[in-house]
1. With the Cα gyration tensor of the range 128-223 in hand, give its eigenvalues times 5 under a square root as the equivalent ellipsoid semi-axes, listed largest first in whole angstrom.
2. Enumerate the calculated ³J(HN,Hα) couplings along the range 208-214 in order (Karplus 6.51 cos²θ - 1.76 cosθ + 1.60, θ = phi - 60°), each rounded to whole Hz, writing x wherever the residue is Gly or Pro.
3. If packing is taken as the mean number of other Cβ atoms within 10 Å per residue, what is the order of 163-171, 80-88, 40-48, highest first?
4. Shape of the chain from its Cα gyration tensor (a ≥ b ≥ c, root eigenvalues): rounded if a/c is under 1.5, otherwise prolate when a/b > b/c, or oblate?
5. Students often check this: by mean Cβ neighbours within 10 Å, which of 291-303, 99-111, 240-252, 138-150 ranks highest, and how do the rest follow?
6. Run the reach check for K76 against lysines, Cα to Cα strictly under 17 Å, same-chain hits fewer than 8 apart removed. What comes back?
7. Charges only on Cβ, +1 for Lys and Arg, -1 for Asp and Glu: so what's the dipole of the range 46-176 about the Cα centre, in debye to the nearest 20?
8. With every protein chain present, what accessible area does R312 have (1.4 Å probe, heavy atoms only), rounded to the nearest 10 Å²?
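The values are calculated or read from the model by the stated rules, or taken from the named source; none is laboratory data. None of these values were measured; they are calculated from a predicted model. Glycine also receives a Cβ, built like all others from the backbone with ideal geometry; neighbour counts cover every protein chain displayed. Remember, those area values only see protein heavy atoms, side chains included, never the ligands or the DNA or RNA. Shrake-Rupley method; radii C 1.70, N 1.55, O 1.52, S 1.80 Å.
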Amino acid sequence: MNKTVKVVLGVAALGFAASTASAATLDDVKAKGFVQCGVNTALAGFSAPDDKGDWKGLDVDLCRAVAAAVFGDATKVKFTPTNAKERFTALQSGEIDLLSRNTTWTLSRDTSLGFNFAGVNYYDGQGFMINAKKLPGVNSALQLSGASVCVQSGTTTELNLADYFKANNLEYNPVVFEKLEEVNAAYDAGRCDAYTTDQSGLYSIRLTLAAPDDHIVLPEIISKEPLGPAVRQGDDQWFDIVKWSLYAMVLAEEYGITQANVDEMKNSPNPDIKRILGTEADSKLGTDLGLSNDWVVNIIKAVGNYGESFERNVGQGSPLKIARGLNALWTKGGLQYAMPIR
């Protein structure tokens, strides 16, 4: 066997070994008895501990949904708070099984970082917030030329900010911090004229400021920020489980399956609902994922459908009171569209 062939076979063997090693996430999760989920350190509505230390939020619900799908028990999850810089290393290293931390799906994160995004659980866009008392008369981001702008490092936000001001021939002074808490504190202390991040985040952060009513979110959306859960490449089964857990929540809303009526809906004669809830005769849809056939029932009992999770955490049932907008179902003018369970 010549040297070239040996090298090729050696590389192939290493690739196979790496693939085999990374393709056992479900087995690892079952062995340790919980899902390790990377979340934000404290972003109200998405992932933050309440006054009792219990994690709550739209991203947290997705973590619990995956735990419910795998174990039939949404409490079998542990949370790892990560900042914008740490989150990717935590997923790449295997410290966490799943990243559900208001993270934008981009090409470079799909490729050079080695991640697979399992869908979009919140369609967002970058915006600006100002203290209206300090900047009276400013009602557009186009009026911010010369402003100092607070921004978090290690995010898509930095590049979007630079692109927007350059494209509009505006000057600005970036005030950059690594940790979200540092950015929040600097803005609240008046160290910068404006704050930029995902618009959903601005509504969340405004609630934590010393005088929330003094601050307004400007109308401009300067980017597309599709936020969603990510897993490591190389494990299609785990990727499928996370992806279909999200789809299951969206489909449940579409078919009117709720936390309150899921048991009743198991008796539905509708063939689509029977497939979704695992009551179709001889169904293997759940077992083909490596789960039980009642995996969707377990998810909905634990966290509700997507609409229930949205309204509870960021919508009208929350302090944020964000309208569904792009996150409405596709049947109601939004972008939330799930692939069929069949």
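1. 18, 16, 12
2. 8, 6, 4, 9, x, 5, 7
3. In decreasing order of mean packing, 163-171, 80-88, 40-48 become 40-48, 80-88, 163-171.
4. oblate
5. 240-252, 291-303, 99-111, 138-150
6. K30, K32, K56, K301
7. For this selection, approximately 220 debye.
8. In the full protein context, R312 sits at about 100 Å².
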